[in-house]
Amino acid sequence: MTDSLAKGHGDTRSRILDVAEVLFMEQGFDGTSMRSITSHAGVNLAAVNYHFGSKEQLIQEVFHRRLTELNRIRLTRLGELEAEAGGASIKPSRIVDAFFGTALRMASDVEGGGHTFMRLLGRTYTEPQAFVRKFLAEEYAECVEHFLAALYRALPEVDRNEILWRFHFMMGAMSYAIAGTDALQLVTGKFDDEDPSRLESRLMSFLLGGLRAPLADFGAAQ
């Protein structure tokens, strides 16, 4: 991360958020000091305290400013699909795209900061902190509730608890994928093809395959 990039255009509050977002993604929450944030943002500690009050509140605002918009877009898209369906159930693939595809498209936005944020979000899921986990659960609650309801209607033959598990697995797969390939490379070696533009099609195919997979026969396993 370069100082010239961090000290670019924008008001003080936005600049602090932009810098914190990158540093949290690169170094983690515990590894990022307030001094590092103020240094890269070209502000003093008083400015951070004025706008955010504390490091914990700054972390929450980093998530809030993009998650609010991400979930708004998701719910808007779901509403459009419901209107088009006219009371009928929506195809599961379209529900999955409205939720996960929207996030992946944000992750492809390198210039607007979406890529950095989604990598931070992915890292947060794999390295959770209690207060961040609680905050994210509150941020996601309404949006996830609507999408799960849509999946219940679309897949009436599937037990709701099974849908919850699969949604959980899908969230995990997406989070791990957008967090970057560094961790997987430690195990598998370097990918032959790391083109980020192909992530959406690869991951969406995987997610839909998991959602549509045959139900486990728990009786046979006992």
*Considering only segment 115-136, state which residues are hydrophobic (A, V, I, L, M, F, W, C) and open to solvent by less than 60 Å² (accessible area, probe 1.4 Å).*
PHE117, MET118, LEU120, LEU121, PHE131, VAL132, PHE135, LEU136
*When segment 75-91 is examined, which residues are found to be part of a helix (DSSP H, G or I) and loosely packed, with under 14 Cβ neighbours inside 10 Å?*
THR76, GLY79, GLU80, ALA83, GLU84
*Go through ARG72, ARG65, ARG94 for me and flag whichever is modelled with pLDDT of 95 or more, open to solvent by 70 Å² or more (accessible area, probe 1.4 Å), basic (Lys, Arg) and under 16 Å from the mean Cα position of the chain (by Cα).*
ARG72
*Just checking, how many residues over segment 13-55 are part of a helix (DSSP H, G or I) and open to solvent by less than 50 Å² (accessible area, probe 1.4 Å)?*
20
*Starting from segment 22-40, take each residue that is free of Cβ contacts under 8 Å to residues at least 24 places away in the same chain and list its partners that are open to solvent by less than 50 Å² (accessible area, probe 1.4 Å) and not aliphatic (A, V, I, L, M), counting only C-beta distances under 7 angstrom and pairs at least six apart or across chains.*
LEU23/THR32; LEU23/SER36; LEU23/HIS40; THR32/PHE24
_Residues of segment 97-114 satisfying the condition of being open to solvent by less than 70 Å² (accessible area, probe 1.4 Å) and in contact (Cβ under 8 Å) with a residue 24 or more places away in the chain_ = ASP97, ALA98, PHE99, PHE100, GLY101, THR102, ALA103, LEU104, MET106, ALA107, GLY113, GLY114
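The values are calculated or read from the model by the stated rules, or taken from the named source; none is laboratory data. Worth saying up front: this structure is predicted, and the values here are computed from it rather than measured. When we count neighbours, we look across all protein chains shown, and the Cβ atoms used for this are built from the backbone with ideal geometry, even at glycine. Just so you know, the surface numbers come from the protein's heavy atoms only, side chains and all, with ligands and any DNA or RNA stripped out. Shrake-Rupley method; radii C 1.70, N 1.55, O 1.52, S 1.80 Å.
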